[in-house]
1. Compare the peptides 55-62, 35-42 by average per-residue count of other Cβ atoms within 10 angstrom and give them in order, highest first.
2. Given the alpha-carbon gyration tensor of region 78-124, what are the semi-axes of its equivalent ellipsoid in whole angstrom, ordered largest first, with each equal to the square root of 5 times an eigenvalue?
3. Run the Debye formula on the Cα coordinates of the chain, all scatterers equal and no solvent, and tell me log10 I(q)/I(0) at q = 0.10, 0.18, 0.19 1/Å.
4. Using a cut-off of 24 Å between alpha-carbon atoms, which lysines can reach Lys24, once sequence neighbours fewer than 8 places away in the same chain are excluded?
5. Determine the relative contact order of the chain: mean sequence separation of Cα pairs under 8 Å and six or more apart, normalised by residue count, in whole percent.
6. What does the C-alpha gyration tensor say about the overall shape of region 20-60? Classify as rounded when a/c is under 1.5, otherwise prolate if a/b is larger than b/c, or oblate.
7. With N denoting the number of residues in region 83-166, provide Rg(C-alpha) divided by 2.2 N^0.38 Å, to two decimal places.
8. Please list, in chain and number order, the residues 5+ apart from Leu110 or on another chain whose amide H is under 5 Å from its amide H, with Hs placed from the backbone.
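Any read-out appearing in this document is the output of simple, stated calculations on the displayed coordinates, not a laboratory observation. Predicted model, so just to flag it, every value in this text is computed and none were measured. Quick reminder, even Gly has a Cβ in these numbers, built from the backbone with ideal geometry, and neighbours come from all protein chains shown.
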Amino acid sequence: MVEDCPHAMSASNIILVGFMGTGKSAVGKRLAEKLHRPFVDMDALIESRVGKSITRIFEEDGEPHFRSLETSIIKEISQQQEQVIAAGGGVVLNPENIRDFDRSGLVVCLSASPDEILRRVMGSSHRPLLEQKDRSTRIRSLLKKRQSFYDAIPCQVDTTDLAMDQVVSRILILFEQFVSSCISHAD
Ligand code: S3P
C-alpha cells in the first residue's frame with residue numbers, strides 16, 4: 001500500500017499528462033480526493049496567475065507565450081510534493097517540462113481513441129486549439145503530430161473504455177509500483 005511506504009517516496013507528485021479530453025482533470029481531482037492531496041490543475045493555475053482565460057492568452061499573447069508560461073509554472077509546482085497535477089495537453093512538446101516533472105514524481109500519460117476524445121470535448125469551448133469547424137479532423141491531425149511525444153511516457157493508461165474509478169485504480173497501482181521500485185533502487 002502507498003501508505004506503508006517511506007514518506008520520501010510516497011510523497012512524490014503524481015502528474016497526469018495526455019491529449020485534451022483524456023480525463024486528466026476529472027481523474028486528477030478524484031485521485032487527489034482519494035489520497036487527501038492537493039489537486040493542481042495547471043490550466044486553472046495559469047488562468048488565475050495571468051488573470052485571463054487560456055482562450056484569451058492564446059488570442060492576445062499567442063501560443064509561444066502560453067508555452068513559456070507552462071514551462072515556468074511547471075518549474076514552480078515541481079518544487080512541491082504530495083500533489084496530484086493535471087497538466088495541459090501540450091506540455092509533452094517540450095522535453096524540459098517532462099524532465100522537471102520526472103524529477104518530482106510519477107508521470108502517467110492518459111490516452112483515449114480519437115472518437116472518444118471527440119465525444120468528451122463535444123460541448124466544450126475553452127480549448128482554443130480545437131476551435132475549428134471540423135473538430136474530428138483537427139483532433140486526428142494534432143494527435144498524429146503529438147503521438148510520439150505521448151508514447152514516450154513509460155506509464156500509460158488507455159481510458160477509452162474505463163469508468164473514472166477504474167482509471168483512478170490503475171493509476172494507484174502504477175504509483176504503488178513506482179514507490180516500491182524507488183525503494184528497491186535505493187537499497
Ligand atoms: C492544450 C491543452 C489544454 C490547454 C491549452 C492547450 C494542448 O489543456 O492547456 O488549450 O496544447 O493540448 P487540456 O489538455 O487540459 O484541455
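1. On the way: 55-62: 13.5, 35-42: 17.0.
Ranked by mean Cβ neighbours within 10 Å, highest first: 35-42, 55-62.
2. Numbers: eigenvalues 131, 29, 17 Å².
Each semi-axis is √(5λ); the values are 26, 12, 9 Å.
3. Treating every Cα as an identical point scatterer, log10 I(q)/I(0) equals -0.39, -1.27, -1.41.
4. Lys34, Lys52, Lys75, Lys144, Lys145
5. Details: 239 pairs, mean separation 61.9, N = 187.
Once normalised by length, the contact order is 33 percent.
6. Numbers: a/c = 5.68, a/b = 1.96, b/c = 2.90.
Oblate is the answer for region 20-60, as a/c is 1.5 or above yet b/c matches or exceeds a/b.
7. Details: Rg = 13.6 Å, N = 84, 2.2 N^0.38 = 11.8 Å.
Expressed relative to 2.2 N^0.38 Å, the Cα Rg reads 1.15.
8. Val17, Gly18, Val157
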